[in-house]
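Single-structure report; data block below.
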Amino acid sequence: MYDVIIIGGGPGGIAAGVYTARKQLNTLFLTESFESQSTVSAGIENWIGTESVSGFDFGQMLEKHLRAQESIEIKTGVKATGIEERPDGGYVVLTSTGERHETKTVIIASGGRHRHLDVPGEEKFKGKGVVYCSTCDSPFFRDKKVVVVGGGNAGLEAVEDLLPYAKEIILLVRGGELKGDQVTQNTVLASEKVSVVYFGVTQEILGEDKVTGLRYTDVNTNEEKTIDCDGVFVEIGMVPNTELVKGFLDINERGELVVDPRTAVTSRPGIFATGDVTDLPYRQNNISAGFGVVAALSAYDYIRKGR
């Protein structure tokens, strides 16, 4: 039986792994890969202690740190598919390879995934003008013209993030109104940099080596139109990766794991969580990593006290 099983290879899971290993807990680390949402970013400038690093190098740096630890077994290419309770205490983690791993505690850091437009050009231009994190990537669009797709809070907040940098921002909204907070709407609409296109449905992201435009359909007229731009921010929401624990742990109306903000514990004792899979309010690498440390130390205390 392991002391702890960690699920997920992003910053939250890796931070938890470093700390459980340093606490000499017998740890199994399960991940499909060490790619996270940030590894497709052209550059990361808000990882504390590092002025700038590419998304690829960021992922490599974190993986190297994890692999330098002792007391940890790492299995990649493995997806956790479920968790069961053991009759005499602890849990069993089920995997896509058919294995069953017994453990005293679990840390879930399975993250979330951005809702995609699923249009031609989106996959091709990821990191080449198509981005999903306005906090991370807005500074790279200084004096550029960008399109933000999405009329909810995520889209409006992306526009806010872009205001100090971009020279022109077009907010492309599928419906006939904005759905975000009124205060944020007021801020966005007050800027001369911002224009809103309503009833626009994205059909294709255009470019050769990088993004040069976006083609959309005006649903009122069924007319196809093109916007010339340097970047497209896809801000249509997130999907937490909670499929493995649905019906087993408490999940809120947004599909996020409910956690105690002091200890990272979920609705079952001995199961902790961090990052975008949780109901934590901010989606940031630093926060995910910090809360991963909280989860690791909470798991250590749980085991030490024999709960």
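Quick note: the coordinates plus some simple rules give every number you see, no bench work behind them. These numbers come from a predicted model, not from an experiment. Note that we place each Cβ from the backbone using ideal geometry, even for glycine, and neighbour counts take in every protein chain shown.
Restricting the calculation to Cα atoms, the chain yields a radius of gyration followed by a Dmax of 21.0, 66 Å. The translational diffusion coefficient of the stretch 105-185, from Stokes-Einstein at 25 °C and 0.890 mPa s with a Kirkwood hydrodynamic radius over alpha carbon pairs, comes to 175 µm²/s. For GLN203, the residues whose modelled amide H falls within less than 5 Å of its own, excluding neighbours fewer than 5 places apart on the same chain, are ARG215, TYR216, THR217.
DSSP beta bridges fully contained in the stretch 116-234 are about 45 percent antiparallel. Any idea how far the Cα center of the stretch 100-116 sits from the one of the stretch 120-186, in Å? Here the two parts' Cα centres lie 29 Å apart.
What do the square roots of 5 times the Cα gyration tensor eigenvalues come to for the stretch 116-234, in whole Å, largest first, as semi-axes of the equivalent ellipsoid? Write down the numbers at each step before the final one.
Working: eigenvalues 78, 65, 27 Å².
Square roots of five times the eigenvalues give 20, 18, 12 Å.
Give LYS126/LYS179; LYS23/LYS305; LYS23/LYS64; LYS145/LYS225 a once-over and call out the pairs whose C-alpha atoms are over 21 Å from each other.
On the way: LYS126/LYS179 26 Å; LYS23/LYS305 14 Å; LYS23/LYS64 19 Å; LYS145/LYS225 17 Å.
Exceeds cut-off: LYS126/LYS179.
Once both labels are positioned 7 Å from their Cα atoms along Cα-to-Cβ, the gap between THR212 and ALA68 label points is 4.4 nm. Normalised by the number of residues in the chain, the average gap of Cα pairs under 8 Å and 6 or more apart makes the relative contact order 21 percent.
In the chain, what % of DSSP beta bridges are antiparallel (nearest 5)?
Working: 28 of 63 bridges.
Roughly 45 percent of the DSSP beta bridges within the chain come out antiparallel.
Cα centroid separation, the stretch 42-71 to the stretch 242-288: 23 Å. Among all the lysines, which ones have a C-alpha under 25 Å from LYS246's C-alpha, if same-chain residues fewer than 8 places away are not counted? Partners found: LYS75, LYS79, LYS104. Over the stretch 1-142, the fraction of Cα-Cα pairs per 5 Å bin, rounded to whole percents and listed from the shortest bin up, is 2, 9, 17, 19, 16, 14, 10, 8, 4, 1, 0, 0. Springs join every pair of Cα atoms under 10 Å in this Gaussian network model of the chain, and among ILE48, ILE107, ILE251 the largest mean-square fluctuation is at ILE48.
Can you give the translational diffusion coefficient of the stretch 186-229 in µm²/s, computed by Stokes-Einstein from the Kirkwood radius over Cα pairs at 10 °C and 1.306 mPa s?
Working: Rh = 11.8 Å.
This corresponds to a translational diffusion coefficient of 134 µm²/s.
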